[in-house]
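The values are calculated or read from the model by the stated rules, or taken from the named source; none is laboratory data. All values reported here derive from a predicted model rather than from experimental measurement. Here the Cβ is made from the backbone with ideal geometry for all residues, glycine too, and neighbour counts use every protein chain on show. These area figures cover heavy atoms from the full protein model, side chains too; ligands, DNA and RNA do not enter into them. Shrake-Rupley method; radii C 1.70, N 1.55, O 1.52, S 1.80 Å.
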Amino acid sequence: MLRIGLPQCLLWYDYYPLWKTFWQELGAVPVCSGPTDRAMLESGLEAALDELCLPMKLAHGHVQRLAQLKVDHIFLPRLVSVEPRCFTCPNIMGLPDMIRSRMRHIPPLLSPRIDLRRGAAHLEPVLKEMAALAGRRPSAVPKAWAAALSEQGSFSRLLREGYSPAEAIAVGEGKAVALPPPGDLTVGLVGHGYVVYDAWLSLNLISALRGLGCRVVGMEALSRTAVEAQAAGLPRRVFWSSGKKMTGAALVMESDPDIDGVVFMSSMGCGPDSILLNTVAKSLKATPGLFLSVDEHSAETAVMTRLEAFCDMLRRKRRAEHEPDVSPHGQPAYGGADPDEGAAARPYRAAADYG
């Protein structure tokens, strides 16, 4: 049976259920490279160009892992555009060529060109070629594609409910995944999905925020209509799909009174993000923002320290908004008894404590 390798990187976090289901419906066996680890980074750094951003280097490592898993082909489409009038990152477009030029002893790459600027009809011959590779007639494509779209729709609904992509995929595979109870803070998360949702690359960002008492709102949980409307109001149109989504989401989060702060995570060396960072920062006029950049040398403890300080600041801000008359002199900042305060003041101060 045909084994198709699916690298767990880049747009895997957006479209894995779609392609996994499509290949399964055609009778092939999808094989995932698995979560990112240190070995993948080492092999990616060895194979990739130095000038690439960390997610692109990791993509090389994921391809190498699939080669070790003895797949027949590696599915790595040339994603030019996933929506009208927009493009993907130039490096993502050229990734198949980079892999072929830098990595010799790997299974054959399947790199169909996907360019939805040309309309959905453009996909039909691409899907038929994939069916032929799996030994199926073209007539098998409509049913397989309908099943894939249905699975992708279920995946999107789970993302809107607050699940991360990895959690939503696990739920789709029949596993029990319970969302953590909402904390006392609500934090929006902005960034490329392949950065913020890769636990290894993001240094366990989502788990860290949840552990600090935050309900995490990802960009996928927002109304797509609202995100598109906000992005359309920018002085200049963002022609990268992911960048447009990020700026629109930041504006939606800025206007949401339930969101206490926004965390923006980027990868060092990302060209589009170097431009969009300023746009996102300007979008957050009243909502506090924390901007993090990661590379192969980043440490989880350093990110954790900044997240703790950010959450501390958000809680201070909330207390200040509700307690404008508290004297700054002689009042303990946090818990602990003040032997000089009167009994009448104790309940008021206790309400401001952590915990």
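Data for the structure
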{"item": "Stretch gain in nm, segment residue 83-residue 184, where the contour uses 0.36 nm per residue and the Cα spacing is subtracted", "result": "32.7 nm"}
{"item": "4 °C / 1.567 mPa s Stokes-Einstein diffusion coefficient of region 149-191, Kirkwood radius on C-alpha pairs, µm²/s", "result": "113"}
{"item": "Total charge dipole magnitude, the chain, about the Cα centre, Cβ charges on Lys, Arg, Asp, Glu only, Debye to nearest 20", "result": "1440"}
{"item": "Rg and Dmax of the chain, Cα atoms only, in Å", "result": "23.1, 84"}
{"item": "Per residue accessible area of the chain, 1.4 Å probe, in Å²", "result": "49"}
{"item": "Chymotrypsin sites (Phe, Trp or Tyr not before Pro) within region 218-326: DSSP coil, no more than 13 neighbouring Cβ in 10 Å", "result": "239"}
{"item": "Ratio of Rg to Rh over region 67-199 (Cα coordinates, Kirkwood Rh, two decimals)", "result": "1.01"}
{"item": "HN-Hα J in Hz across region 264-269 - Karplus 6.51, -1.76, 1.60, θ = phi - 60°, x for Gly and Pro", "result": "10, 10, 10, 9, 4, x"}
{"item": "Within the accessible area of the chain (1.4 Å probe), percent carbon and sulfur", "result": "55"}
{"item": "Between helix 241-254 and the chain: long-axis angle, C-alpha atoms, 0 to 90°, nearest 10", "result": "20"}
{"item": "Distant-in-sequence amide H partners of residue 31 (H built 1.01 Å from N, under 5 Å)", "result": "4, 5, 6"}
{"item": "Unit charges on C-beta of K, R, D, E only; dipole of region 242-283, Debye", "result": "260"}
{"item": "In region 188-219, the chymotrypsin sites (Phe, Trp or Tyr not before Pro) that fall in loop regions by DSSP, at most 16 other Cβ within 10 Å", "result": "200"}
{"item": "Within region 37-137, trypsin sites (Lys or Arg not before Pro) in DSSP loop having at most 12 other beta-carbon neighbours inside 10 Å", "result": "70, 85, 104"}
{"item": "DSSP bridge orientation in the chain - percent antiparallel, rounded to nearest 5", "result": "0"}
{"item": "Within region 300-320: backbone nitrogen closer than 20 Å to the residue 204 label point (7 Å, Cα to C-beta)", "result": "300-312"}
{"item": "Taking region 1-156 and dividing mean pair separation by its residue count, relative contact order in percent (alpha carbons under 8 Å, at least six apart)", "result": "27"}
{"item": "Which of 11, 55, 309, positive extreme of dipole for the chain (C-beta unit charges)", "result": "11"}
{"item": "Cα-based Lys pair tally, the chain, threshold under 27 Å, eight or more apart or on separate chains", "result": "20"}
{"item": "Normalised contact order of region 169-327, rounded percent, pairs of Cα under 8 Å and 6 or more residues apart", "result": "24"}
{"item": "C-alpha long axis of helix 123-133 to longest principal axis of the chain, angle in °", "result": "60"}
{"item": "Extension reserve of the residue 316-residue 234 stretch, reckoned as 0.36 nm per residue once the Cα distance is removed", "result": "26.3 nm"}
{"item": "Translational D in µm²/s for region 137-278 (Stokes-Einstein at 25 °C, 0.890 mPa s, Kirkwood Rh from C-alpha pairs)", "result": "149"}
{"item": "Global size of region 194-253 as Cα Rg and Dmax, reported in angstrom", "result": "13.3, 38"}
{"item": "Charge-dipole axis of the chain as Lys and Arg at +1 and Asp and Glu at -1 on Cβ define it, positive-most pick from 105, 291, 225", "result": "105"}
{"item": "Bins of 5 Å from zero: percent of alpha-carbon pairs in region 254-324", "result": "3, 14, 22, 21, 20, 12, 6, 2, 1"}
{"item": "The chain, relative contact order in percent, only Cα pairs under 8 angstrom and at least six apart counted", "result": "15"}
